Amino acid sequence: MRALLAYPAVAVMAPALAAALALAVALALALAGAVLVSSRGTDSGSPLRPQAAPPTAEHVEHLGVEVLATMPHDPRAYTQGLEMVGGTLYESTGMAGESSVRLGPPGRPPTVRADLPEPLFGEGITVLGPTLWQLTWLDHIAIERDARTLAELRRVPYAQEGWGVCHQPGRGRLVTSDGSSRLTFRNPRTLAPTGEVAVTLHGRPVPQLNELECVGDSVYANVWPSSRIVRVNAGTGRVTAEIDASGLPVPGKQRHAAVLNGIAAVPGTDEFLLTGKWWPRMFRVALVAR
C-alpha cells in the first residue's frame with residue numbers, strides 16, 4: 001500500500017505503456033510481413049519461388065542460292081550422290097540396270113565409270129583417300145572401291161536402307177541417312193554403327209533426309225523429294241540453316257522424280273555444286289541470305 005502511494009504516476013501509467021508497446025510490436029510484425037510478401041512476388045532469385053530461365057529461340061538461317069556458273073550434266077543420270085575431291089567430281093547414279101559410279105572433271109564426260117549389275121540399285125558415295133564407299137538402296141550391301149580406278153574391292157553387309165553418306169575425317173566417322181529423320185554414325189572401315197542423332201527443326205523431326213555432304217562439323221542434307229536442303233549440326237542434330245534451291249533454272253525438271261539430289265562442296269571455297277536426278281544441268285552456287 002505504501003509503495004503504491006509512493007509511486008502513483010507509475011501505477012497509473014503502467015496500463016497505457018503496455019498498450020503502446022503491444023501496438024508497436026503489432027505494427028512491426030505487420031510491416032515485416034508486407035515486406036516478405038513483396039519480396040516473394042518480385043525477387044526472381046527467391047528460394048521460395050524459383051524462376052525458370054526464359055527459353056532461347058534456335059537461330060536458323062534462311063538461305064537461297066546464287067548461280068555462279070552453269071555446266072552440262074548427263075540427263076540420263078539418276079543422281080544419288082555427288083562429291084568433289086581436288087578437281088575430280090565423283091557421282092553415283094541409281095535405278096536397277098542403270099546404276100553406276102563415275103569420276104572426271106565437273107561438267108565434262110566422266111573419264112572412269114563402273115556400272116552395277118542388276119538388280120543392284122546404287123545410292124550415295126563418299127571418298128576416303130584411296131578408297132570410296134558406295135551404298136545400295138534395298139540390297140543390304142555396301143561396296144568399297146578403289147578411288148582411282150573404281151574397281152570393286154569388297155562388299156560388306158549393310159542392314160539399313162542405303163540413302164546418303166559422307167565422311168567426317170575430323171571425327172573419324174561416316175554419316176549416313178536412310179530416308180528417316182535420323183543420321184547414323186559409322187565406323188569408316190567396317191560401316192558398323194557407332195551412334196546416331198535425330199535431326200530436328202525447332203524441336204520437330206525433319207524426315208526424308210537423302211543425299212549428304214559433310215563440311216566440317218556440319219552436314220548438308222537434301223530433303224526428298226523437294227528443292228530444300230538443310231544444314232545440320234551433327235553434334236546436336238539441330239538444323240542451323242534452311243536452303244531453298246527452287247529457283248535453279250532447270251529445263252524439264254518437272255519430269256516425275258526429277259528432283260534436286262546432289263550436293264558437292266567445292267574444295268577450298270564456300271561454294272557448292274548442285275544437280276538432281278535426270279537434270280541436264282549442274283550449277284556452281286554460293287549460298288546467300290534470303
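None of the figures in this text is laboratory data; all of them are computed from the coordinates on show. All values derive from a computational prediction rather than experimental measurement. Positions of Cβ are backbone-derived with ideal geometry, glycine not excepted, and every protein chain shown enters the neighbour counts.
Report every pair of residues separated by at least 6 positions or lying on different chains whose Cβ atoms are under 7 Å apart, first residue within segment 203-219 and among the hydrophobic types (A, V, I, L, M, F, W, C), second surrounded by fewer than 16 Cβ atoms within 10 Å (Cβ to Cβ) and not in a loop (DSSP other than H, G, I, E, B).
Within 7 Å, no pair qualifies.
Under the condition of being surrounded by 15 or more Cβ atoms within 10 Å (Cβ to Cβ) and assigned to a loop (DSSP other than H, G, I, E, B), which residue from segment 111-133 is farthest from the chain's Cα centre (by Cα)?
Leu116
Looking at (1) farther than 16 Å from Ala265 by Cβ; (2) touching a Pro at 6+ places or on another chain (Cβ under 6 Å); (3) in contact (Cβ under 8 Å) with a residue 24 or more places away in the chain, find the lone condition where Gly104 falls short.
Against the list (1) farther than 16 Å from Ala265 by Cβ; (2) touching a Pro at 6+ places or on another chain (Cβ under 6 Å); (3) in contact (Cβ under 8 Å) with a residue 24 or more places away in the chain, Gly104 comes up short only on (3).
Restricting to segment 187-222, what's the tally of residues that are basic (Lys, Arg), in a strand (DSSP E or B) and either touching a strand residue (DSSP E or B) at 6+ places or on another chain (Cβ under 7 Å) or within 18 Å of Gln134 (Cβ to Cβ) (or both)?
0
What are the residue pairs meeting all of these: first residue in segment 84-96, first residue touching a residue at least 40 places away in the same chain (Cβ under 8 Å), second residue among the acidic types (Asp, Glu) and buried (at least 19 other Cβ atoms within 10 Å of the Cβ), Cβ atoms under 9 Å, and 6 or more apart or on different chains?
Note: pairs meeting the criteria are Leu89/Glu83; Tyr90/Glu83; Glu91/Glu83; Ser92/Glu83; Ser92/Glu123; Gly94/Glu123.
Any idea which residue in segment 263-279 is surrounded by the most Cβ atoms within 10 Å (Cβ to Cβ), counting only those that are outside any strand (DSSP E or B) and either in contact with a helix residue (DSSP H, G or I) (Cβ under 7 Å, 6 or more places away or on another chain) or aromatic (Phe, Trp, Tyr) (or both)?
The qualifying residue surrounded by the most Cβ atoms within 10 Å (Cβ to Cβ) is Trp279.
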